[in-house]
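Everything below concerns the one structure shown next.
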Amino acid sequence: SVYQTGNACSDQFADAFSFTANPAVLGIAKVFSMGLSMERKWMLKELDFYRLAGSFPAGGGGIGLDFHYTGDPVYNESSLAAGYGRNLGKVSAGILFRSEMDHAAGYGNKTDGSVMLGIRFHPVERFYAGLVLSNSIFERKEQVNPEKAADNYNMGLGYEASSFVFISVQFIKEAGIPLNTVTCIDYRWNDQFFASLGIEMGSASPYAKAGWGKGQLRVELFAAYHAVLGFTPGLVLLWKGKE
C-alpha cells in the first residue's frame, strides 16, 4: 500500500510501516513501535488488505517484522518478512527477507521468497533520499513455463520543511510496468493532529489521510479515489513506546 510508505525518507515522520518500503529505516529504531493497517480496495471485500508491522532497537540498529494478508477464502495472498537495519551516520542500510504464499481454493498453494536491499542518505539537514531494490529469490516451477516475480526498484526523496510539514516523492518501477510516481505532503500539529494529501500518478488516484494521537497511540483514517474503480477506505492504528 503506497499510502503508508512515503515517510520512509524522514526521521521525524517515520512510523511502524516505514521499514516495509525501505529496511534502512530500521537503523534509526530507538523504541518499540507497532502498526495495524486495514483497507478495502475499491470497496470490494474480496480485496481486503491487512498488515501488521513492528520494529524495535537491537544490535546497534533495529529489527522489523511484517505480516500481510489480502483476499478471501477462495483466493488470498499472504507474506511474512523480517529485516535488519543499521545507522552508519549520514547513511543507513538495511535488508529484509520475505516469504510469500498464494492460495487458490482447489488448486493448492504457491510459495515464493524475495529479498529487499535498502539504503538511505541524510546528506544535509532536513533532506533525505533512499534507494531500494527488491528481487525474487526463487523461480516458480510450472508444468509449461517457469514463473519468477518481477524485480522492483524504488527511489524516495523527502524534505522536512519544518517539524510540522514533510514533503515526499516516491518513484516506483516494477519490471514490465511503467514508472509510478507518488507525491505526498504531511502535516502534524503538536503530535495530536495528523493530516496528509497525496496522489498516485500511475492510476491518477488522489488520497487523503487524517488522524489523531493521544499519548503513545495514534489513529488514522484514509481514503483513495480511482476515477473508474471508486473509493478505497482504510484504517490505521499506530503505537509507539516511550524513549
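Applying 1/(1 + (r/R0)^6) with R0 = 41 Å to the Cβ-Cβ distance of Ile185 and Ser99 gives a FRET efficiency near 0.70.
By how many nm would the segment from Leu36 to Leu237 lengthen if fully extended, with 0.36 nm per residue of separation less the alpha-carbon distance?
Working: separation 201, 0.36 × 201 = 72.36 nm, distance 0.52 nm.
Here the answer is 71.8 nm.
Springs between Cα atoms under 10 Å define the GNM used for the chain, and in it the highest mean-square fluctuation of Val182, Val132, Val165 occurs at Val165.
For Leu47 and Leu88, the difference between the fully extended length at 0.36 nm per residue and the C-alpha to C-alpha distance is 10.8 nm.
Computed from backbone phi with θ = phi - 60° and the Karplus coefficients 6.51, -1.76 and 1.60, the 3J(HN,Hα) list for the range 168-183 is 9, 9, 10, 10, 10, 10, 10, 3, x, 10, x, 4, 10, 10, 10, 10 Hz; x is used for glycine and proline.
Once backbone amide H atoms are built at 1.01 Å from N, Gly202 has Thr181 as its partners under 5 Å, excluding neighbours fewer than 5 places away on the same chain. Only one residue of Ser1, Phe56, Leu36 has its Cα farthest out toward the positive end of the dipole of the chain, where Lys and Arg carry +1 and Asp and Glu -1 on Cβ, and that residue is Phe56. Each Lys and Arg adds +1 at its Cβ and each Asp and Glu adds -1 at its Cβ; summed about the Cα centre, the range 73-138 shows a dipole of about 380 debye. Basic side chains Lys and Arg get +1 at the Cβ, acidic Asp and Glu get -1 at the Cβ, and with that the dipole of the range 151-243 about its Cα centre reaches some 300 debye.
Taking 18 Å as the cut-off, the amide N atoms of the range 183-201 that come nearer than this to a point 7 Å along the Cα-to-beta-carbon line of Val219 belong to 189, 191-196.
Per-residue Karplus couplings for the range 204-209, computed as 6.51 cos²θ - 1.76 cosθ + 1.60 with θ equal to phi - 60°, are listed in order as 6, 10, x, 8, 9, 9 Hz, Gly and Pro entered as x. Can you work out the PRE-style zone for Ala161? Point 7 Å along Cα to Cβ, and I want the residues of the range 199-241 with backbone N under 15 Å. Flagged as within label range: 199. Remark: the range 67-76, residue by residue, has Karplus-estimated 3J(HN,Hα) of 10, 9, 9, 9, x, 9, x, 6, 9, 8 Hz, where x stands for each Gly or Pro and the curve is 6.51 cos²θ - 1.76 cosθ + 1.60 at θ = phi - 60°.
Treating only the Cβ of Lys, Arg, Asp and Glu as charged (+1, +1, -1, -1), what charge dipole size does the chain show about its Cα centre? Round to the nearest 20 debye.
Working: 21 positive and 23 negative charges, 109 e Å.
I would put it at about 520 debye.
Per-residue accessible area (protein heavy atoms, 1.4 Å probe) orders Tyr107, Tyr207, Tyr75 as Tyr107, Tyr75, Tyr207, starting from the largest.
The values are calculated or read from the model by the stated rules, or taken from the named source; none is laboratory data. None of the values given here were measured: they were computed from a predicted structure. With ideal geometry, Cβ positions are generated from the backbone for all residues, glycine too; neighbour counts draw on all protein chains shown. SASA here: full protein model, heavy atoms, side chains in, ligands and nucleic acids out. Shrake-Rupley method; radii C 1.70, N 1.55, O 1.52, S 1.80 Å.
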